[in-house]
1. Around Lys300, what is the net charge, scoring Lys/Arg as +1 and Asp/Glu as -1 over all other residues with Cβ under 15 Å from its Cβ?
2. For region 284-343, just the Cα atoms, rotate onto the principal axes and tell me the three extents in Å, largest first.
3. For a distance above 23 Å, tell me the whole-number percent of Cα pairs in region 128-235 that qualify.
4. Can you pull the one-decimal nm distance between simple spin-label points at Val273 and Thr221, each 7 Å off the Cα toward Cβ?
5. Quick one: dipole size for region 12-148, taken about the Cα centre, charges +1 on Lys/Arg Cβ and -1 on Asp/Glu Cβ, in debye to the nearest 20.
6. Ala54 to Asp75: FRET efficiency via 1/(1 + (r/R0)^6), r the Cβ-Cβ distance, R0 25 Å, to the nearest 0.05?
7. Local charge sum around Asn211 (other residues, Cβ-Cβ under 13 Å, Lys/Arg +1, Asp/Glu -1)?
8. Taking the Cα centre of the chain as origin, sum charge times position over the Cβ atoms of Lys and Arg (+1) and Asp and Glu (-1), and report the length of that vector in debye to the nearest 20.
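What follows draws every value from the coordinates through simple rules; no lab data is involved. None of the values given here were measured: they were computed from a predicted structure. All Cβ positions, glycine included, derive from the backbone under ideal geometry; neighbour counts span all protein chains shown.
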Amino acid sequence: MKKFSIALAATTTLLAANTYAADTISTLDAVKERGYVNCVIGNSFPGFYSLNKAGEWQGMDIDMCRSVASAVFGDATKVKFLPVQWAQSFTSIKSGKGDILSKGMTWTLSRDAAQGLDFLDTYFYDGQGFMVRKDLGVKSVKELKGATVCVLTGTSSELNIADYSRANNLDIKTVVFDDSSVRNTAFFNNNCDALTNDKSGLAAQRSAAQNPNDYVILPETISKEALSFAVKQNDSEWANVVKWSFAAMIAAEEFGVNSQNVEKMRAESQSPVIRRLLGVEGDLNTGLGLPQDWAYQIIKNVGNYGEVYERNVGTNSVLGLDREGTLNALWTNGGMMYAKSFR
């Protein structure tokens, strides 16, 4: 019996050790072994993540994940997109099902501290607003006293509207939904007086309406919404890969490197910073566990931040959002987009 107990204890210890080893394998190693990145997104948010007519995902969030795939594999297609409902966003990352959460998620203290995630960078600065039917005649949120407002449950929008209503004595009545498409349908079917969301989201939803000109986005912005991507907590190796992949796109725009001239810049530029960025010299890749040309692959396959912004949400896109004068401009143009030093 004693020998059996010792053997059982040894087996249990071995199993526990193997489980621990499996649980602590770095995400970067797991991604390399799997051969692709698992990117958690939502169901549809035009400009950020949506399917085109060819059945391909497109949008800013999609490009964020494709940049990481380019850095790791030199191939922007080495990524699998996992659309989930809002309630499954956090658990998809904590459980290891997804490697990156990139779905228009606002970086908040409670999410950062209590959801088992590490938020890394803000790729789009936004703010919450309200959309109403034009024939309602409303010109300001302050005129929505006693109104019903469609909102997605579990989001920062739901908390913000409660705070704003209370602070301004508006007695707003929220109608909550688990699914953004159901929420949008309810609003467009006149089941709510207003729809609230980040203003970029409102622009996307209005663009998808049968008659977009029938709706107006009110001027007030009632919150700060820093849309950021996140990874599983306490995996700094993978976090470094994701955040520096994004930084490479910001730096490329700042240095005038884009998808059209990156080959020429790599071959001819004498700038030490650009040469380091593009992997011509230096060894910045070793600390990341990536190939030497990782940033070059991002810029070649996905583009710099300005290219990503313009084709997905810029003035000539479905959203038509002007970047000039906003926080989404480069820091050199008065915005908040600022890459740390590549040295």
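1. -2
2. Extents along the principal axes: 39, 24, 12 Å.
3. In whole percent, the long-distance tail amounts to 24.
4. Distance between the two pseudo-spin positions: 2.7 nm.
5. Here region 12-148 has a charge dipole of around 560 debye.
6. On the way: r = 19 Å, r/R0 = 0.75.
Result of the calculation: an efficiency of 0.85.
7. Details: positive: Arg133, Lys134, Arg206; negative: Asp135, Asp214.
Counting the neighbours of Asn211, the net charge comes to +1.
8. Values: 34 positive and 37 negative charges, 114 e Å.
Here the size comes out at about 540 debye.
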